[in-house]
């Protein structure tokens, strides 16, 4: 299956199982540009405006959660590296002390 066939299958599947308008699935399928345009039109849209704002906030919280997870992984990785370096330094100090004690 090439890219064109995959896109055609996706479009065919999407047309068969389109979500109900303004449902959670429907909002998940909206692009950022579509959400921005709905929000720009303002309160006059009623439920559409509220849904667009809620979906935008959900995406922002999700992005923030991913950023925080990435930061915590980086902190953990740096802590592990420091621990390994300190372990190697400690091992070198102990070996140097043993060599000096045995030679002396």
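Observations on the structure shown:
- Within the stretch 80-104, residues that are at positive phi and at pLDDT below 95 reach no partner that is surrounded by 10 or more Cβ atoms within 10 Å (Cβ to Cβ) and not in a helix (DSSP H, G or I) with beta carbons closer than 6 Å at six or more positions or on different chains.
- Residue within the stretch 51-58 that is out of contact with any helix residue (DSSP H, G or I) (no Cβ under 9 Å at 6 or more places or on another chain), part of a helix (DSSP H, G or I) and at pLDDT below 95 present: yes
- When 83, 98, 90 are screened for being under 34 Å from the mean Cα position of the chain (by Cα) and in a helix (DSSP H, G or I), only 83 passes.
- Checking each residue in the stretch 28-53 for being in contact (Cβ under 8 Å) with a residue 24 or more places away in the chain and surrounded by fewer than 13 Cβ atoms within 10 Å (Cβ to Cβ) picks out 28, 32, 47.
- Residue list for the stretch 14-27, restricted to those being surrounded by 10 or more Cβ atoms within 10 Å (Cβ to Cβ) and either at pLDDT 85 or above or in a helix (DSSP H, G or I) (or both): 14, 24, 25, 26, 27
- Some residue of the stretch 60-75 being in contact with a helix residue (DSSP H, G or I) (Cβ under 8 Å, 6 or more places away or on another chain), without any contact (Cβ under 8 Å) to a residue 40 or more places away in the chain and within 30 Å of residue 18 (Cβ to Cβ): no
The values are calculated or read from the model by the stated rules, or taken from the named source; none is laboratory data. Please read all numbers here as calculations on a predicted model, not as lab measurements. Positions of Cβ are backbone-derived with ideal geometry, glycine not excepted, and every protein chain shown enters the neighbour counts.
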